[in-house]
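The values are calculated or read from the model by the stated rules, or taken from the named source; none is laboratory data. Not measured: the values here are computed from a predicted model. A quick note on method: Cβ atoms are made from the backbone with ideal geometry, for glycine too, and the neighbour counts reach across all protein chains shown. To get the accessible areas, we keep the full protein, side chains included, count just its heavy atoms, and leave off ligands, DNA and RNA. Shrake-Rupley method; radii C 1.70, N 1.55, O 1.52, S 1.80 Å.
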Amino acid sequence: MEKKWKQILEQWKDNLSRKNQLLLIFLVGILLLIVAFPVSKKDSKAEKTIQETSSVRNVQTNLENYEEYLEKRLTNALESVDGVGRTEIVITLKSSGQKIVEKDHSINNQSDSNTNEAGITNSSETKSSDGTSIYERQSDGTEIPYVSKELTPEIAGVLVVADGGDNAVVVKNITDAIRALFGVEAHKIKIMKRTDT
């Protein structure tokens, strides 16, 4: 097999001049580059899509975990209040929270004054501000925006199903507790009587 390839190469060398051989090698190299680049771009697009999908799943999982955490803590607290009894709580969130990115701000002030022929002075002042994000370098060399503050997700509504859900005093106490803990408006809190099934 090797002899066959050697014979083909020798015939090829004999048939083509040196100039044509260089041209052919150059064209084959360009062809290889053209074929190789789109494959890597497709791979990076696929990786980016996978990362975005994974990120969305992580956010959804984190939101569900956060909701469960709040529900368990509120359940434990309310069940120990006199008259509430057994409770089930459902909390819904408006968003996934917010990250506040640190920015470097610069403010420019410019003032101009002109005096006209009548001796009246007109002055004008121009203010402009500019902000650029501050980045921090990771151990792998990538740079990500520096997050100075992270806000927890806002609560959209709370449902409480309790044994004492038909007692007006208990309902008021539960509503007041939820408003104090989460800052939720009263019309976004629903308290209902629990039934034994």
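Structural remarks
- Which listed residue, of THR87, THR49, THR53, is modelled with pLDDT of 75 or more and hydroxyl-bearing (Ser, Thr, Tyr): THR87
- Only one entry of ALA168, ALA177, ALA156, ALA162 meets the criterion of being modelled with pLDDT under 90 and either among the aliphatic types (A, V, I, L, M) or under 17 Å from SER80 (Cα atoms) (or both), and that entry is ALA156.
- The residues on offer are THR92, THR61, and the sole one that is farther than 20 Å from GLU185 by Cα, at pLDDT below 90, among the β-branched types (Val, Ile, Thr) and open to solvent by 50 Å² or more (accessible area, probe 1.4 Å) is THR61.
- The stretch 122-156, subset in contact with a helix residue (DSSP H, G or I) (Cβ under 9 Å, 6 or more places away or on another chain) and part of a strand (DSSP E or B), residue surrounded by the fewest Cβ atoms within 10 Å (Cβ to Cβ): ALA156
- Subset of the stretch 69-84 [in a helix (DSSP H, G or I), open to solvent by 70 Å² or more (accessible area, probe 1.4 Å), at pLDDT 90 or above and of a type outside the set (Lys, Arg)]: ASN76, GLU79
- Scanning the stretch 149-188 for residues that are within 17 Å of GLU79 (Cβ to Cβ) and free of Cβ contacts under 8 Å to residues at least 60 places away in the same chain yields GLY165, ASP166, VAL171, THR175, ASP176.
- Residue in the stretch 164-184 that is assigned to a strand (DSSP E or B), surrounded by 12 or more Cβ atoms within 10 Å (Cβ to Cβ) and of a type in the set (A, V, I, L, M) present: no
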